[in-house]
Amino acid sequence: MATIFASVQQSRKSAHVFHDTYRRKDGPTIYQLQLNPFDKTPKYKQIVESIRRDINRGVLKEGDQLPSISEMSIEYLLARDTVEKAYRELRAQGDIISIQGKGYYIKATNDKKIKILLIFNKLSSYKKIIYYAFLKALGEQASVDLQIHHYSASRFREIIDKNLGKYNYYVVMPHFTEDTDHIAPLKILETIPPEELILLDRDIPELAHKPLSVYQNFCKDIFEALESAQDLLNKYDHLALVFPQDGTYPPEIVQGFRNFCINYQKEFSILPSISDEIPIPRTAYIVVEESDLAELVKKVRQTPYQLGEEVGIISFNETTLKELLGITVITTDFEHMGREAAHLLLAQQRIKVKNPFFMIRRGSL
């Protein structure tokens, strides 16, 4: 069995995370224990997370011997009780075994699947399409757990704090309410090793390290989609974007809509909901929320106006029901997003890919 020993570099006071290296007797470096002196997480938990993370990555393999409790405490300036508590937890969870008189060893595992934590902002019909496409593309090569942060940075932090080190990859939809301090989610994302982070639906260019990302460009996408339908929009004098003010939708949608209207000299308005609106002839409505779409269709049917002639409707995101109702949509390809993320993850490609976005023309415009 291969033995692993620790060698610590003492002069790293300015480093945010200590990457302290274990070495085999024959020399090659195979493991880096990660201890963060500024992290409030108990040291025994950091030991557990570091060892478990590297078991999942395959850095630590079956039969590898860990330092003894004494070696670990001396090399890392830790109390013996701290190391003993970490090893006890790892043993209880089946990650390591102890052999009396010999030491602690990495335990064999039959689960060779990649472990993935998928973190959505919410559950919806669109998210389900992404989820099932993601699972199908991964096949039997991975196991996926799903959690929801509900647009909350504090909930997101809680999820990451509880699960960091337990998975090979963290696939995140980084949508948070508009009033959330954008620095908070950014700091949480930066605690995830960049090679383990995948961003879905929205890119975060402020991240210091660039993770794999399959994203929408909301501002550019709506601009280009409307631009492609100018032949249909020419019969409308006014464009109205129905955009909820709860802060859960990307504000770049509004920016792209404004840019289009100003660039093509279209009168426009932005409405928080359709509830107080009476459909106005020669107006095309771009609707984000499903409930607003249903109410708008109902209101138009109560007027003498012809849908797609005097009043136009464009809805965000394709569904089977919208197809049946003949509603024009602007939409990203949700199935492609899930499938592409899975393929790039399996290929270990850390690149940014813009997801396809397009308009489907139907009778409502």
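Pick from region 257-297 the residues that are β-branched (Val, Ile, Thr) and surrounded by 15 or more Cβ atoms within 10 Å (Cβ to Cβ): which of them is farthest from the chain's Cα centre (by Cα)?
Only one residue fits best here, namely Ile280.
Across region 83-101, what is the total count of residues that are under 13 Å from Gln65 (Cβ atoms) and surrounded by 11 or more Cβ atoms within 10 Å (Cβ to Cβ)?
Count: 4.
Conditions first: (1) at pLDDT 90 or above; (2) open to solvent by less than 20 Å² (accessible area, probe 1.4 Å); (3) not aliphatic (A, V, I, L, M). Lys122 passes all but one, so which condition is the exception?
That leaves (2) as the condition not met.
What residue, of Leu117, Leu60, is modelled with pLDDT of 95 or more and surrounded by 15 or more Cβ atoms within 10 Å (Cβ to Cβ)?
Details: Leu60 fails: modelled with pLDDT of 95 or more.
Selected residue: Leu117, the only one of Leu117, Leu60 that is modelled with pLDDT of 95 or more and surrounded by 15 or more Cβ atoms within 10 Å (Cβ to Cβ).
Residues checked against (1) of a type outside the set (Gly, Ala, Ser); (2) in contact with an Asp or Glu (Cβ under 7 Å, 6 or more places away or on another chain):
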site	(1), (2)
Gln141	yes, no
Gln147	yes, no
Ala153	no, no
Glu158	yes, no
Lys162	yes, no
Tyr169	yes, yes
Pro174	yes, no
Ile192	yes, no
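Being closer than 26 Å to Glu158 by Cβ, buried (at least 18 other Cβ atoms within 10 Å of the Cβ), at pLDDT below 85 and not aliphatic (A, V, I, L, M): is that true of Arg53 here?
When the stated conditions are applied, Arg53 passes them.
What are the residues in region 190-200 that are open to solvent by 10 Å² or more (accessible area, probe 1.4 Å) and either charged (D, E, K, R) or out of contact with any helix residue (DSSP H, G or I) (no Cβ under 7 Å at 6 or more places or on another chain) (or both), if any?
Once the filter is applied, which keeps residues that are open to solvent by 10 Å² or more (accessible area, probe 1.4 Å) and either charged (D, E, K, R) or out of contact with any helix residue (DSSP H, G or I) (no Cβ under 7 Å at 6 or more places or on another chain) (or both), region 190-200 yields Glu190, Pro193, Pro194, Glu195.
When you scan region 231-239, do you find a residue that is open to solvent by 20 Å² or more (accessible area, probe 1.4 Å), modelled with pLDDT of 95 or more and part of a helix (DSSP H, G or I), even just one?
Yes, region 231-239 has at least one match.
Out of the residues in region 125-161 meeting the condition of being more than 13 Å from the chain's Cα centre (by Cα) and aromatic (Phe, Trp, Tyr), tell me which one is most open to solvent (accessible area, probe 1.4 Å).
Ranking the candidates gives Tyr132 first.
Are there any pairs, at least 6 apart or on different chains, whose C-beta atoms fall under 7 Å, with the first in region 28-42 and more than 15 Å from Leu77 (Cα to Cα) and at pLDDT 80 or above and the second basic (Lys, Arg) and open to solvent by 20 Å² or more (accessible area, probe 1.4 Å), and if so, which?
Within 7 Å, no pair qualifies.
Test each condition in (1) within 20 Å of Gly338 (Cβ to Cβ); (2) at pLDDT below 95 for Ala137 and report the one that comes out false.
Tallying (1) within 20 Å of Gly338 (Cβ to Cβ); (2) at pLDDT below 95, Ala137 fails exactly one: (2).
Could you grab me the full set of residues in region 94-144 that are of a type outside the set (A, V, I, L, M, F, W, C), over 22 Å from Glu195 (Cα atoms) and assigned to a strand (DSSP E or B)?
Ser98, Gly103, Tyr104, Tyr105
Within region 209-225, does at least one residue satisfy the condition of being more than 29 Å from Leu199 (Cβ to Cβ) and open to solvent by less than 50 Å² (accessible area, probe 1.4 Å)? If you could, list the steps in order and put the result at the bottom.
Of all residues in region 209-225, those more than 29 Å from Leu199 (Cβ to Cβ) come to none.
No, because not a single residue in region 209-225 is more than 29 Å from Leu199 (Cβ to Cβ) and open to solvent by less than 50 Å² (accessible area, probe 1.4 Å).
The values are calculated or read from the model by the stated rules, or taken from the named source; none is laboratory data. Since this is a predicted model, take the numbers as computed values, not measurements. Every residue, glycine as well, gets a Cβ built from its backbone with ideal geometry; the counts of neighbours run over all protein chains shown. Heavy atoms of the whole protein, side chains included, go into the accessibility calculation; ligands, DNA and RNA do not. Shrake-Rupley method; radii C 1.70, N 1.55, O 1.52, S 1.80 Å.
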